[in-house]
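Remarks on the structure that follows.
Bear in mind that the values in this text are calculations on the coordinates, not laboratory data. Every value quoted in this text rests on a predicted model; they were computed, and no experiment measured them. When we count neighbours, we look across all protein chains shown, and the Cβ atoms used for this are built from the backbone with ideal geometry, even at glycine.
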Amino acid sequence: MEYNFKDIEQRWQQYWKANESYKVVIDSKLPKFYVLDMFPYPSGAGLHVGHPLGYIASDIFSRFKKMKGYNVLHPMGYDAFGLPAEQYAIQTGQHPAVTTTNNIKRYREQLDRIGFSFDWSREVRTCDPGYYKWTQWVFLKLFHSWYNKNSDKAEPIETLLEEFTRQGNKQVNAACSETKIFSAIEWADFSETEKQTLLLNYRLAFLSEAIVNWCPALGTVLANEEVKDGVSERGGYPVEKKLMSQWSLRISAYAERLLLGLDAIDWSDSLKEAQRYWIGKSEGALVRFAIHEASFQLDLNEPTIKDNSKQIGSLHHPT
């Protein structure tokens, strides 16, 4: 008997939509299972073959777990913010808000036709202000925080300011950039600009100069993965190394906690190992050099450099 896929699939997809068959509600009596796909970039006129290749596999697994009695959450969304969407808008001569909205509509039509079991009530669009306001909120939380090694957690920057006002930074044990030792009196004498510049050495989100992959044609900085053989992966434009001011995150402060957290996650050993390489924790080294007719010691584990009894400088070393 011939399988009339047009009639059968259309009828069932309409049923799923009308009855919200894949909408997930909280049910504490059922075991929970979460299946998350990589969100597509709506930066073209429609899905490419690589999208359903992965989605079909995860959808099969989602349906399997649902039939096994699990309360399965299988959401979908769109990574609709940034360079891909901007470039598509430039190429087509349209505003990115228009092209992105139209592309998302087309993507949704195609995804529905394939018949995936997505819970569309949980849809995420990264270009939606209701979404990215939270990424901005997270950034501000990081900017207004510093990492206290003694408590092994981030704390409000105000607690650091209190410490500086009381006794300078000599007793501060923080994840930070190189910073000279200063007293409370010296801190009080610093100008506001000097204070804010110094605080950048401690903030979890900080501004610093770094060598980056700058693409003049695209007008943006590219990640290493977006550059191949000296040109941009998108468009094939020349990329140059350039020293620029960049916002950075002091992720190294959390390296040990991230590593320990892997032990509590039900992942394969190979995936955990890949994450350990990504975290990239490094212990550093202690080096001592004997110098002819000189007597001083540089200990990278100590915050001071000493020349006999004379202190010639002091540094806080980064993690």
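Here are some notes:
- Taking a sphere under 13 Å around the Cβ of residue 185 and counting the other residues whose Cβ falls inside, with K and R at +1 and D and E at -1, yields a net charge of 0.
- Protection proxy ranking of 46-57, 116-127 - average other beta-carbon atoms within 10 Å, highest first: 116-127, 46-57
- In terms of surrounding Cβ atoms within a 10 Å radius of their Cβ, 108, 257 rank from fewest to most as 257, 108.
- Net charge dipole size for the chain [Lys, Arg +1 and Asp, Glu -1 on Cβ; Debye, nearest 20]: 880
- Cross-link pairs 23/105; 105/228; 241/281; 149/180 - those with Cα-Cα distance over 30 Å: 105/228
- Dipole of the chain, positive direction: furthest Cα of 87, 212, 244, with charges on the beta-carbon: 87
- Each of [x] 1.08; [y] 0.95; [z] 1.13 is a candidate for Rg/Rh (Cα atoms, Kirkwood Rh); the one calculated from this structure is [x].
- The alpha-carbon atoms of region 140-203 define a convex hull whose volume equals 76 cubic angstrom per residue.
- Chain lengthening between residue 120 and residue 276 when straightened (0.36 nm per residue, less Cα-Cα): 52.8 nm
- Across region 33-160 the C-alpha pair distances fall into 5 Å bins from zero in the proportions 2, 10, 15, 16, 14, 12, 10, 9, 7, 4, 1, 0 percent.
- Residue (of 58, 126, 43) at the positive-pole extreme of region 12-127, dipole from beta-carbon charges: 58
- Mean separation of Cα contacts under 8 Å, 6 or more apart, over the residue count of region 1-120: relative contact order %: 37
- Proximal lysines relative to residue 6, as straight alpha-carbon distance under 16 Å, when same-chain residues fewer than 8 apart are discounted: none
- Likely footprinting exposure, 267, 187, fewest C-beta neighbours within 10 Å first: 267, 187
- Cα centroid separation, region 6-45 to region 152-176 (Å): 48
- In sequence order, calculated HN-Hα J values of region 212-225 (Karplus, 6.51, -1.76, 1.60; Hz; x Gly/Pro): 10, 8, 9, 10, x, 5, 8, x, 8, 8, 10, 6, 4, 5
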